[in-house]
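Student: Pasting in a structure now, in structure tokens, and then I'll have a few things to ask.
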Amino acid sequence: MSNLGLFGLMALIWGLTWAAIKIGLDAGVPPILLAGLRYLLTAGILAFWTHGALSAFAEGRSMRVIISALLTNAGTYGLLFWGMQTVPSGLSGLVNLALVPVLLFGLAVVLGEERPTWRHGLALVLGCTGLLGLFWTRLVEQESGNGLGLAAIVAGTACYCVGSVIARPLIGPIKPLTLTAIHAVLGGAALIAVSFLLGDLSATLPARIDVAPAAASLLFLSLLGTIVAYTIYLRLLEKWGTARAGLYAFISPIVALAVGVWLFGEKVGAAEIGGAALLLVAAGLALSRRDSADPARN
């Protein structure tokens, strides 16, 4: 398949993952447990292709590996999956996918990796304005659950960005797929532990779960959403560079919104469209000047 075809497949998969998450949640799987099972399954699959995982903890890298795993996997997806209980899948995908390049852009300035320019300021202002617009619709409609859910998705996205910055020095000393497998094991185990503490793993849980859609959701998220799409992304980073490969941030949110409307009957109002448009413009400004490799979505 051509690089363009691979890019289209990757953008489609990452747009569809939000519907897969909703299907898993609607099947009765508690959100933190669903996220944890996703990554333990991913780790099990990657174990066949990765070697030398223990060496990743050598040379003083242990703390960085653990913290980045807890942020990029446990913190990110625990919050995202929890938030999606009340936030439509399409809107969840749009906020997360469009906000990642904006937040990474802002972190690059804070950490001194880039000199602040008008692009940084405009991207952050537009991104914040877009988010405020999305929150405002929920405050006006008095949908407090939606507001808390959206706040969780924003917080989860921030966890991903901070964790990605922490993990960046690990890429090179550790092979990307190996790092993904380690993050999946650590993050998945942490999520399962939290789920246990929340009382999700009760004796009545199996009777409350619709097994077929739950299994389909997990397989899609693990095999396609993580392993296949991530492998394509690594190839495109090498062939196209970060900015061009990162253009999925404009296509995948549209896929997520369209599938949410078509499959679940989710409603998208004018205010949400306006907020979404501002987020996408902010993402475009961020991506247009990004030269360093973006940590892979996993």
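Each reported figure results from applying straightforward, stated rules to the coordinates on display, with no laboratory input. Note that the structure is predicted; figures quoted are calculated from it, not measured. Here Cβ is always computed from backbone atoms with ideal geometry, including for glycine, and neighbour counts include all displayed protein chains.
Student: With point charges of +1 on the Cβ of Lys and Arg and -1 on the Cβ of Asp and Glu, referenced to the Cα centre of the chain, which listed residue (Val102, Val162, Pro116) lies farthest in the positive direction of the dipole?
Tutor: Checking the options against the dipole of the chain, the answer is Pro116.
Student: Collect residues whose amide H, placed 1.01 Å from N in the peptide plane, falls under 5 Å from the amide H of Thr50; neighbours closer than 5 in sequence don't count.
Tutor: Those lying under 5 Å, H to H, from Thr50: there are none.
Student: On to the next question. Per DSSP H run of n ≥ 4, the term is -39500 (n - 2.57); total these for the chain, divide by its residue number, and report the mean residue ellipticity at 222 nm rounded to 500 deg cm²/dmol.
Tutor: Estimated from H runs of four or more residues: -23500 deg cm²/dmol.
Student: Go through region 22-35 residue by residue and turn each phi into a ³J(HN,Hα) via Karplus (6.51, -1.76, 1.60, θ = phi - 60°); whole Hz please, and just put x for glycine and proline.
Tutor: With the stated coefficients, region 22-35 comes to 4, 4, x, 5, 5, 6, x, 7, x, x, 5, 5, 4, 5 Hz.
Student: Residue by residue through region 76-92, what is 3J(HN,Hα) from phi via Karplus (6.51 cos²θ - 1.76 cosθ + 1.60, θ = phi - 60°)? Round to whole Hz and write x for glycine and proline.
Tutor: Per residue, the Karplus-derived 3J(HN,Hα) values read 4, 7, x, 5, 4, 5, 5, x, 6, 5, 10, 9, x, 4, x, 5, 4 Hz.
Student: Can you pull the one-decimal nm distance between simple spin-label points at Ala258 and Trp240, each 7 Å off the Cα toward Cβ?
Tutor: 1.6
Student: Counting every Cα pair in region 3-288, what percent are over 34 Å apart?
Tutor: Considering region 3-288, 16 percent of its Cα-Cα pairs are separated by more than 34 Å.
Student: With θ taken as phi - 60° and the coefficients 6.51, -1.76 and 1.60, list the Karplus ³J(HN,Hα) couplings across region 195-200 in order, rounded to whole Hz; mark glycine and proline as x.
Tutor: Each residue's phi maps through the Karplus curve to give 4, 4, 5, 7, x, 5 Hz.
Student: Place a +1 charge on the Cβ of each Lys and Arg in region 3-288 and a -1 charge on the Cβ of each Asp and Glu, then give the dipole magnitude about the Cα centre in debye, rounded to the nearest 20.
Tutor: 560
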